Each structure stands twice: as structure tokens, then as C-alpha cells.
Amino acid sequence: MVKKLIIAPHIDDDVLGCGGIMDSDTHVLYVGNGHSAKIISDSDRLKEADQVKKFLGHNYSVLDNKVDHYEIFKVLNDFENAIKKFKPEELYIPHLSYNQDHKTVYEAAMIATRLHDKNWFVKKIMLYEQPQVFLWNNTNREFKPNYFVPIDIDRKIVAYKLMPSQVRSYRSPETIRSMAQIRGKQSGYDYAEAFEILRWVV
């Protein structure tokens with residue numbers, strides 16, 4: 001069993017959305033490895049993930065799915081198996097995005113966490129946000145944050161910079177800091193990560 005299970009469409013989505021809460025009680029499930037533009041090799045991307053793991057203290061596993069070609073029924077089965085295996089207290093999934101992989105992961109996670117006699121019942125399910133959705137959400141679902149966690153923003157940015165191949169101008173360290181500051185202002189903290197609660201059973 002783990003306290004927190006984070007489902008990340010790609011290696012970097014976990015840090016961008018949940019880097020402030022990732023620790024030794026966390027397992028990250030990467031839906032796939034690789035990059036369609038071949039900016040970095042698969043093996044080098046895993047090396048970056050290992051550096052982040054060493055720094056934040058979490059564990060991770062990688063599923064065998066081809067980036068930009070995720071299939072909902074395949075990842076659904078992966079998610080159900082992972083939830084049964086890890087029996088998380090809290091599950092974090094990405095908010096709906098214009099990215100096709102994120103969309104598939106979101107939709108499959110909604111199905112995988114449905115009420116069902118054979119499924120592990122996750123008591124706390126949260127959506128996490130991404131910088132690209134914060135800046136430009138062209139989906140028909142608005143992110144509505146209602147759960148805020150104070151974070152060490154410097155620690156999160158260090159973790160992000162350990163993946164230099166994934167740093168972009170639209171999700172720069174400065175942008176990540178600004179997002180955390182805005183979420184902190186909304187919740188009375190200096191810096192925070194924001195989540196949208198889908199289920200909260202105590």
C-alpha cells in the first residue's frame with residue numbers, strides 16, 4: 001500500500017503538477033516513456049526520472065505505452081491493476097487537457113475509479129493542474145481548485161531542473177513559481193499547489 005499514487009501521462013507531468021507533495025510515501029505511475037519529437041532518448045529520460053526520484057524520495061514505475069498513441073482500453077486495464085496493487089489512500093490524476101495523451105489518461109482514470117465491487121475504493125481522488133492548462137485551457141472542463149497544499153517552491157523547482165530536456169519557456173521555472181504564488185495567495189500561503197477534489201471520504 002502507498003499513501004499517494006500519482007498517474008502521470010509522461011515523465012515530468014508529476015513534478016509539474018505534484019512536485020511539492022512528492023515524497024517517500026508517493027509512487028508515480030508513468031503511462032509511457034519517450035518523446036514523439038525525439039528530443040531525448042528513452043534511456044536518458046529515465047536517467048532524468050531517476051535523478052528526480054533520488055532528490056524527492058518517491059518511487060516510480062513505467063507502463064509500456066507509446067507516447068502520442070495511448071489507447072483508452074489498454075491504459076484503463078493498467079490503471080485498474082495499479083490501483084489494486086498499490087491500494088492508495090490518495091490518487092492524483094491530471095486534469096483534462098488538449099494533449100491527446102492527457103485526455104486519454106483522464107478519461108481512463110475516471111472509469112478506473114468508478115464504484116465497482118472488484119475495484120479498490122480510493123477514498124481521496126484529486127485532479128492536478130499543468131502549466132499549459134493554466135495558461136490556455138481550450139477544453140470544455142474548467143479546473144476548479146478547492147484543495148491547497150503549502151509547498152517548498154525552491155525544492156519543486158530544483159526537481160524540475162533535474163529534467164533539463166523537459167524545461168520549456170511556457171513552463172519555465174519562473175512560470176512554475178508564479179503559479180505557486182498565485183495558488184498561495186488564494187489559500188493564505190506563500191506558495192501552494194492546487195488540486196480539485198473529485199472524491200473525499202474520511
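Read-outs throughout are calculated quantities, based only on the coordinates presented, and are distinct from any laboratory measurement. Nothing here was measured: the structure is a model prediction, and the numbers come from that model. Because the Cβ atoms are built from the backbone with ideal geometry, glycine has one as well, and the counts that use them run over all protein chains shown.
Below are the figures for this structure:
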quantity: Shape category assigned to region 146-196 from the gyration tensor of Cα positions, a/c cut at 1.5; calculated: prolate
quantity: Mean separation of Cα contacts under 8 Å (6+ apart) over length of region 68-149, as relative contact order %; calculated: 36 percent
quantity: Prolate/oblate/rounded call for region 1-100, Cα gyration tensor, a/c under 1.5 rounded; calculated: oblate
quantity: Zone of residue 123's modelled label, taken as backbone nitrogen in region 1-32 under 16 Å from a point 7 Å along Cα→Cβ; calculated: 1-5
quantity: Fluctuation leader among 33, 59, 99 - the chain, Gaussian network, Cα springs under 10 angstrom; calculated: 99
quantity: Fluctuation leader among 157, 176, 40 - the chain, Gaussian network, Cα springs under 10 angstrom; calculated: 40
quantity: Radius 10 Å from Cβ of residue 56, net charge of other residues (Lys, Arg +1; Asp, Glu -1); calculated: +2
quantity: Along the chain, longest interval not containing exposed GluC sites (Glu not before Pro), exposed being DSSP loop plus at most 14 other Cβ atoms within 10 Å; calculated: 1-70
quantity: Gaussian network model of the chain, springs between alpha carbon atoms under 10 Å - residue of 118, 54, 66 with greatest fluctuation; calculated: 118
